[in-house]
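Everything below concerns the one structure shown next.
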Amino acid sequence: MAHIFHIEREGHGGDPQPISLPEWTEVVARVEGVRMAHGDACAINPLTEDRIVIPNRGGDVELFRPDCQQWMRALWWTPEGTVRFAAPATDEDPVVQTAKVLAAQLEARVVDDDGRVYN
């Protein structure tokens, strides 16, 4: 079962310190196996065949999956200055591992919706 995670950063005194889009873009460019996504994310609902579109705010990131030799959109930067993603709640998941690498470079942490820290 997938959980919702956030890459978030705290400033002095525990106040949130937003991650800017330029910072996010710079860090993504330095990490192997990730890249900025272009265009909106699109999928087809298998039950209704409706086309679902999730707008790219400029900070969507794709991870390369060696098992299927494809890029997968997996991380979404938000204008509030956090990064969101869904993954199984395990430190071994490749998306969680990649998020931890990105978070470390941002002096941030990976947290799930229950408040558990994964760094």
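How do THR90, THR98 rank when sorted from fewest to most other Cβ atoms within 10 Å of their own Cβ?
Ascending number of Cβ neighbours within 10 Å: THR90, THR98.
Mind listing which GluC sites (Glu not before Pro) in segment 1-99 are in a DSSP loop and have 14 or fewer other Cβ atoms within 10 Å?
Sites meeting the loop and neighbour criteria: GLU32, GLU49, GLU80, GLU92.
When the chain is modelled as a GNM with alpha-carbon springs shorter than 10 Å, which of VAL34, VAL53, VAL95 fluctuates the most?
Comparing VAL34, VAL53, VAL95 in the GNM, the peak value goes to VAL53.
Which value, in debye to the nearest 20, describes the size of the charge dipole of the chain about its Cα centre when Lys and Arg Cβ atoms bear +1, Asp and Glu Cβ atoms bear -1, and nothing else is charged?
With Lys and Arg at +1 and Asp and Glu at -1, about 240 debye.
Arranged by the count of other C-beta atoms within 10 angstrom, fewest first, what order do TRP76, TRP24 take?
By the 10 Å Cβ count, ascending: TRP76, TRP24.
Using +1 at the Cβ of each Lys and Arg and -1 at the Cβ of each Asp and Glu in the chain, identify which of ILE52, THR78, ALA29 lies farthest towards the dipole's positive end.
ALA29
Most mobile of GLY59, GLY14, GLY39 per a Gaussian network model of the chain (Cα springs, under 10 Å)?
In this elastic network of the chain, the residue with the biggest mean-square fluctuation among GLY59, GLY14, GLY39 is GLY14.
Divide by every residue of the chain the summed helix terms, -39500 (n - 2.57) for each DSSP H run of at least 4, and state the resulting mean residue ellipticity at 222 nm, rounded to the nearest 500 deg cm²/dmol.
Theoretical 222 nm ellipticity from helices: -5500 deg cm²/dmol.
For the Cα atoms of the chain, what angle does the longest principal axis make with the long axis of helix 21-30, in degrees from 0 to 90, nearest 10?
80 degrees
Given a 10 angstrom Cα cut-off, can you work out which residue in ARG84, ARG35, ARG65 is the most mobile in a GNM of the chain?
In this elastic network of the chain, the residue with the biggest mean-square fluctuation among ARG84, ARG35, ARG65 is ARG65.
To test your reading of the geometry: what angle, between 0 and 90 degrees and rounded to tens, separates the Cα axis of helix 94-105 from the longest principal axis of the chain?
Computed tilt is about 30 degrees.
How much length would be gained if the chain were fully extended between ARG65 and ALA2, taking 0.36 nm per residue of separation minus their Cα-Cα distance, in nm to one decimal?
20.9 nm
In µm²/s, what is D for segment 2-112 at 37 °C and 0.692 mPa s, where D = kT/(6 pi eta Rh) by Stokes-Einstein and Rh is the Kirkwood radius from Cα pairs?
224 µm²/s
Bear in mind that the values in this text are calculations on the coordinates, not laboratory data. In this text, all values refer to a predicted model and were calculated from it rather than measured experimentally. Glycine gets a Cβ as well: all are built from the backbone with ideal geometry, and neighbour counts include every protein chain shown.
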